[in-house]
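**Q** Could you have a look at this structure, given as structure tokens, before my questions?
The values are calculated or read from the model by the stated rules, or taken from the named source; none is laboratory data. Since we're looking at a predicted model, the values are computed, not measured. Cβ placement follows ideal geometry from the backbone for every residue including glycine, while neighbour counts extend to all protein chains displayed.
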């Protein structure tokens with residue numbers, strides 16, 4: 001009788017793997033891709049750059065007086081959020097596009113564990129990226145209109161943590177979409193529609209019911225989270241709403257992953 | 001050990017795998033044969049939990065794949081060379097795999113060495129040739145030092161050197177007592193590597209037997225007889241229920257009878273024999289005969305199935 005691999009190795013090897021292993025694998029995969037560095041770099045630079053441009057415009061108009069440091073948060077992420085969304089989408093749709101998802105699902109066969117590992121890695125990464133982007137907004141504003149704007153600690157913290165929270169929320173929302181849709185183009189189109197097109201269209205339509213609904217969708221939570229808007233709700237409600245949207249998308253995505261053939 | 005129990009997969013009305021029940025034994029290379037579209041890849045995908053069976057189950061060491069905590073330590077699989085993100089380096093791909101199963105990261109260097117990819121370990125997989133992709137896939141399968149290995153068309157895209165290498169690798173893995181399950185459409189390849197054959201057609205099990213038995217059982221396995229009185233012997237053999245084919249003046253090719261029986265008939269008829277020798281069918285002939293009725297995409301004349309994989313591309 002030939003010896004088994006376990007005997008050959010001479011150790012029981014029952015440790016490791018599981019959720020911590022799956023998270024370590026996702027972390028390794030995420031940072032092994034150039035697209036991750038590119039997307040996150042662009043997200044930060046674009047946020048800071050937009051803040052800088054907005055500050056220059058405020059300075060030229062002389063309207064920066066008395067504005068708080070986090071007032072530019074929402075505007076500054078209007079475009080840059082899509083770089084974050086792209087990184088979030090690629091975490092799963094990049095695997096479907098290349099076939100790597102088959103490796104992911106054979107090495108970590110429990111579908112819930114795959115989703116949790118991706119959520120964990122993306123949550124940390126997107127929150128950190130958002131915080132850095134928020135800091136870039138502060139830096140951009142401080143460089144141009146630092147003398148007339150209000151830079152209280154609460155405003156700065158709100159901007160940094162708020163952008164982190166907003167990026168976290170829209171990233172997990174996108175991950176859920178990606179699990180559901182599988183294709184990068186499809187996921188980004190939907191994300192673009194939800195985050196940009198629907199608010200714009202609803203503004204044009206001007207119907208009260210539509211506006212009330214759209215006010216509670218992910219992009220509109222950003223205003224309360226980053227810029228400290230209190231109408232129609234404060235940042236606490238905004239955070240809960242965004243979390244609910246992300247949870248909904250992830251639940252749908254997980255169900256699709258668990259039910260469908262890979 | 002892999003056990004398939006009534007394994008069935010249906011896509012709409014189409015039955016791709018039909019009540020397949022097979023146990024794969026350790027210490028052997030089991031060849032998995034079938035025409036294109038016979039359900040080989042789908043069967044392997046169900047073993048790995050990638051596709052969900054419509055009915056029945058596929059078990060690895062008695063448990064469904066999804067319940068294995070460290071699947072890579074139980075079973076290593078190469079499904080296709082494209083299960084790699086083209087933007088990642090070979091080393092990054094394998095390191096992520098190792099971490100997912102709590103394997104020491106030093107195994108990455110070891111398996112890269114084994115498959116001969118050490119020199120290109122830090123190149124992105126998108127630049128790899130098909131053969132290099134196969135080697136990377138095999139490296140991933142070996143990473144967890146598993147007792148079971150499953151390869152889908154592993155020699156695809158390999159050069160002759162690579163083909164010889166994989167043949168040796170499969171033999172040595174089986175010699176170490178592991179279960180090796182390998183699909184191929186290259187009969188000659190199976191004839192030199194496999195001990196056991198599982199043949200399917202249209203999703204159904206056609207044969208599950210040692211390779212020698214499959215060849216012996218073929219009606220094309222014949223006996224060559226040379227005699228100075230061929231007409232008389234042919235007559236007697238036909239009476240005894242055997243099939244006879246005349247080749248040249250004194251040569252008969254007899255199927256449907258053993259050498260013992262043919263010798264007996266000749267003795268009773270008082271016919272002298274100049275030669276009585278076995279003529280084994282090739283595995284290819286035996287296989288073609290077995291699957292003749294289940295070739296799905298074959299030429300109408302029943303010509304050889306087209307080369308290529310039976311993977312339906314699904315992304």
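**Q** What are the residues in the stretch A:35-78 that are in contact (Cβ under 8 Å) with a residue 24 or more places away in the chain and more than 19 Å from residue A:163 (Cβ to Cβ), if any?
**A** A:35, A:56, A:59, A:64, A:65, A:66, listed by residue number.
**Q** Can I ask one more? Kindly indicate whether residue A:147 is away from chain B (no Cβ under 14 Å), outside any helix (DSSP H, G or I), more than 30 Å from residue B:152 (Cβ to Cβ) and free of Cβ contacts under 8 Å to residues at least 40 places away in the same chain. Quick ask: steps written out before the conclusion?
**A** On the way: away from chain B (no Cβ under 14 Å): yes; outside any helix (DSSP H, G or I): yes; more than 30 Å from residue B:152 (Cβ to Cβ): yes; free of Cβ contacts under 8 Å to residues at least 40 places away in the same chain: yes.
So residue A:147 passes the test.
**Q** When you scan the stretch B:24-39, how many residues do you find that are more than 25 Å from residue B:285 (Cα to Cα) and away from chain A (no Cβ under 11 Å)? Even if it seems obvious, please write down each step before you answer.
**A** Step one: list which residues in the stretch B:24-39 are more than 25 Å from residue B:285 (Cα to Cα), which gives B:25-27.
Adding the requirement that they be away from chain A (no Cβ under 11 Å) leaves B:25.
Qualifying residue count for the region: 1.
**Q** Another question, then. Looking at the stretch A:206-262, what helices (runs of 4 or more DSSP H) fall wholly within it and have at least 3 residues that are surrounded by 15 or more Cβ atoms within 10 Å (Cβ to Cβ)?
**A** Details: elements: A:208-214, A:218-226, A:235-259.
Once the helices (runs of 4 or more DSSP H) in the stretch A:206-262 are filtered for at least 3 residues that are surrounded by 15 or more Cβ atoms within 10 Å (Cβ to Cβ), what remains is A:218-226, A:235-259.
**Q** Within the stretch B:40-84, can you find the residues that are on the phi > 0 side of the Ramachandran plot and either surrounded by 24 or more Cβ atoms within 10 Å (Cβ to Cβ) or facing another protein chain (nearest Cβ under 9 Å) (or both)?
**A** From the stretch B:40-84, those on the phi > 0 side of the Ramachandran plot are B:49, B:56, B:61-62; that's our starting set.
Selection gives B:49 alone.
**Q** Please verify whether residue B:12 is within 14 Å of chain A (Cβ to nearest Cβ) and at positive phi, treating the condition exactly as stated.
**A** Working: within 14 Å of chain A (Cβ to nearest Cβ): yes; at positive phi: yes.
So residue B:12 passes the test.
**Q** Another question, then. Can you name every residue in the stretch A:16-38 that is at the interface with another protein chain (Cβ under 7 Å from one of its Cβ atoms) and assigned to a helix (DSSP H, G or I)? I'd like the intermediate steps shown before the answer.
**A** We begin by selecting, within the stretch A:16-38, every residue at the interface with another protein chain (Cβ under 7 Å from one of its Cβ atoms); these are A:16-18, A:21-22, A:24-25, A:28-29, A:32-35.
Hits for the stretch A:16-38 are A:18, A:21, A:22, A:24, A:25, A:28, A:29, A:34, A:35.
**Q** While we're looking at this one, here's another question. Which of (1) at pLDDT 90 or above; (2) surrounded by fewer than 18 Cβ atoms within 10 Å (Cβ to Cβ) is the odd one out, the single condition residue A:178 does not satisfy?
**A** (2)
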